[in-house]
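The values are calculated or read from the model by the stated rules, or taken from the named source; none is laboratory data. None of these values were measured; they are calculated from a predicted model. Note: ideal-geometry Cβ built from the backbone for every residue, glycine included; neighbour counts use all protein chains shown. Side chains included, ligands, DNA and RNA excluded: accessible areas come from the protein's heavy atoms. Shrake-Rupley method; radii C 1.70, N 1.55, O 1.52, S 1.80 Å.
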Amino acid sequence: MLTFSRETYMERRAALAAALREKGEDGLVLFVGNVDACAQLKAECYRFRQDSSWLYYFGLDEPGLAATIDLSSGAETLYADDVTEDDIIWIGPQMSVAEKAFEAGVAAHEPASGLDKAVAGALASGRKVLFLPPSRYYNTMRLMELLGLSKEEVAAGSLPLIEAVVKMRLVKTPEEIALIDAACDLGYEMHSTGRDLIRPGVVEGDIVDKMDFIATSKGWGVSFGTIFTQHGEIFHNPSHDKTIEPGRLIVVDAGVEAKSHYASDFTRTYPSGGKFTAKQREIYEIALAAHEKAFSMTAPGIAYRDVHLAAEAVILEGLASVGIVRGDVPEMVAEGIGGLFLPHGLGHNMGLDVHDMEDLGEDHVGYDPDQKRASRLGLRSLRMARRLVPGNVITDEPGIYFNVGLIESWRRSGKGSAFINYDLLEKEYYDFGGIRIEDDVLVTPTGARRLGSRRLPGTPSEIESLMQKS
Ligand code: GLY
Ligand code: MN
């Protein structure tokens, strides 16, 4: 079953081919879907996840498929083998390749080996074969074999195709937005379930299991490994084996990948005992102000890089008000001081991947041709810097973190010493942890709207009143 109608996929492929022809391309466009990845033995594989660009253009959510689009003739061909007698015994009857091609609106189909002949034929007659950078090793090897290219050449992909695909997938259609809204509603449920279970004495993993169950039982699964940590200053803290202690802040960053494969990605930060301390509340309000500032600026035409910088300015202004930094805020932004407290980017694109299309190259996805990625801390991790257009789906996720290792490293090298009150940081904030607040946002023709039918509570008062009821 395809997520959208056959016509949608046919229209997307036609639009892609037209865009490539407009750029003067007349070769063969090659798409290789994912294959099963075996865990230990051939019959025991990891759960199959289709390649997202394949899903976008062909919709067929099964392993072992490839296709070509001939830009000269417009001919489309699906390549795959029909099931064998053994397959019928082990996995039961499957749709034939002819039926799959019909379902996706692809006119022709051939056995898998036909792909080798088609690509070899195109190369022999001097035609270009355009392909996307693969996200899986098997596909890397398959493309190396098909195209006679090195691993590095395969990893680079074909720029005109990457650019055309990114341009299309960056702008979500109303039917995609409806599915992202639905994924966000599941994300809301996942987060609410987790929040209501937080209390000192509970093991983190027991809560994560219940959150993840929402994702696996109502969606396809989690859109990334759930982050649930009392050390939010360490971003992808992967373990959940600690017991919740009183007085901590808990960063919960989690999302659902819906059955449609569209993602959600929210973050909230909770006081472990249901009530913020005065110091926690003070820093939380600064992070929330940065989050709101970013949302208020989100609109067509503005570069998300500038929104990141504005969020940083709000954070530095707030930190100045509590004595952690001192000096002129624009100067501090220019000096990159914000990177010490917000060492990640404000947000990323979201869609069929939680970090949408980053397998095609972060800069291809997140930077306009005239934008260059910065090298300084914080801004260098910004994955979405582009000027926004209606239909972009992005995250708004500023945070404030007190990472002792990072602070000490800056302090030792004297970095930022004119602006940063290192003594106060050491005295008051080394055991603070971190805060992040994240919503998923659609850029509309006139501004922006938060995705999902309900917004996760985010103000300290809302959070405290909910946690005290649970
Ligand atoms: N929410 C996980 C991430 O953005 O990396
Ligand atoms: Mn995110």
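So the values come out like this:
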{"read-out": "Any hit, the range 204-227, residues being without any contact (Cβ under 8 Å) to a residue 24 or more places away in the chain, surrounded by fewer than 22 Cβ atoms within 10 Å (Cβ to Cβ) and within 16 Å of ligand 2 (Cβ to nearest atom)", "value": "yes"}
{"read-out": "Pairs with Cβ under 8 Å, 6+ apart, first in the range 232-246 and surrounded by 12 or more Cβ atoms within 10 Å (Cβ to Cβ), second of a type in the set (Phe, Trp, Tyr)", "value": "232/401; 233/401; 233/402; 233/432; 240/228"}
{"read-out": "Any chance residue 391 is more than 13 Å from the chain's Cα centre (by Cα), outside any strand (DSSP E or B), in contact (Cβ under 8 Å) with a residue 12 or more places away in the chain and within 28 Å of residue 231 (Cβ to Cβ)", "value": "no"}
{"read-out": "Test: residue in the range 375-382 that is more than 30 Å from residue 222 (Cα to Cα) and part of a loop (DSSP other than H, G, I, E, B)", "value": "yes"}
{"read-out": "Condition broken by residue 404, with the remaining ones in (1) within 16 Å of ligand 2 (Cβ to nearest atom); (2) surrounded by fewer than 20 Cβ atoms within 10 Å (Cβ to Cβ) satisfied", "value": "(1)"}
{"read-out": "Failed item, numbered, when residue 420 is tested on (1) within 20 Å of residue 320 (Cβ to Cβ); (2) surrounded by fewer than 19 Cβ atoms within 10 Å (Cβ to Cβ); (3) out of contact with any helix residue (DSSP H, G or I) (no Cβ under 6 Å at 6 or more places or on another chain)", "value": "(2)"}
{"read-out": "Those helices (runs of 4 or more DSSP H) lying entirely in the range 28-127 with at least 2 residues under 20 Å from residue 17 (Cβ atoms)", "value": "52-58, 97-104, 113-124"}
{"read-out": "Options 67, 80, 17, 39: the member that is out of contact with any helix residue (DSSP H, G or I) (no Cβ under 7 Å at 6 or more places or on another chain) and either within 21 Å of residue 114 (Cβ to Cβ) or open to solvent by less than 20 Å² (accessible area, probe 1.4 Å) (or both)", "value": "17"}
{"read-out": "Given (1) buried (at least 24 other Cβ atoms within 10 Å of the Cβ); (2) of a type in the set (S, T, N, Q); (3) more than 16 Å from ligand 2 (Cβ to nearest atom), number of the condition residue 349 does not satisfy", "value": "(3)"}
{"read-out": "Checklist (1) more than 22 Å from residue 229 (Cβ to Cβ); (2) without any contact (Cβ under 8 Å) to a residue 24 or more places away in the chain applied to residue 409, failing item", "value": "(1)"}
{"read-out": "Candidates 296, 375, filtered to the one that is out of contact with any helix residue (DSSP H, G or I) (no Cβ under 6 Å at 6 or more places or on another chain), hydroxyl-bearing (Ser, Thr, Tyr), more than 26 Å from residue 420 (Cα to Cα) and away from ligand 1 (no atom under 16 Å from the Cβ)", "value": "296"}
{"read-out": "Sole residue being touching a strand residue (DSSP E or B) at 6+ places or on another chain (Cβ under 8 Å) and aliphatic (A, V, I, L, M), chosen from 404, 443", "value": "443"}
